[in-house]
Amino acid sequence: MEKISEHGLLDVLADFDELGGASPGLVAWELFVSESRVSETWAFAVAAGWVAPAGRDDVYGERLWRLTAEGWKARAART
């Protein structure tokens with residue numbers, strides 16, 4: 001199973017920034033892929049310091065994440 005690209009992950013997280021962030025499940029839903037395809041790239045983004053916890057979703061209780069300053073730089077470098 002092919003993982004999603006770092007650029008794809010960063011773009012979706014940027015799109016949801018003003019809404020308070022996104023979860024791995026929301027990123028998968030937005031990209032029309034299974035959550036397992038997101039997990040490896042997500043883990044890399046966390047380890048790289050590109051994303052940080054930003055609270056919880058009020059409806060489902062999922063942890064939300066937002067791009068850090070390093071995440072925004074990484075996204076800008078890929079566009």
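FYI, it's all coordinate maths here, none of it is from the lab. Keep in mind it's a predicted model, so treat the numbers as computed, not measured. Heads up, the Cβs are rebuilt from the backbone with ideal geometry, glycines too, and the neighbour counts pull from every protein chain shown.
The chymotrypsin sites (Phe, Trp or Tyr not before Pro) of the range 4-79 that meet both conditions, a loop assignment by DSSP and at most 13 other Cβ atoms within 10 Å of the site Cβ, are Phe32, Tyr60. Dipole magnitude for the chain: about 240 debye, using +1 per Lys or Arg Cβ and -1 per Asp or Glu Cβ, origin at the Cα centre.
May I ask you to list the GluC sites (Glu not before Pro) in the range 1-50 that are in a DSSP loop and have at most 10 other Cβ atoms within 10 Å of their Cβ? Write out the running numbers ahead of the final one.
Details: sites: Glu2, Glu6, Glu18, Glu30, Glu35, Glu40; in loops: Glu2.
In loop regions of the range 1-50 (DSSP not H, G, I, E or B), the sparsely surrounded GluC sites (Glu not before Pro) are Glu2.
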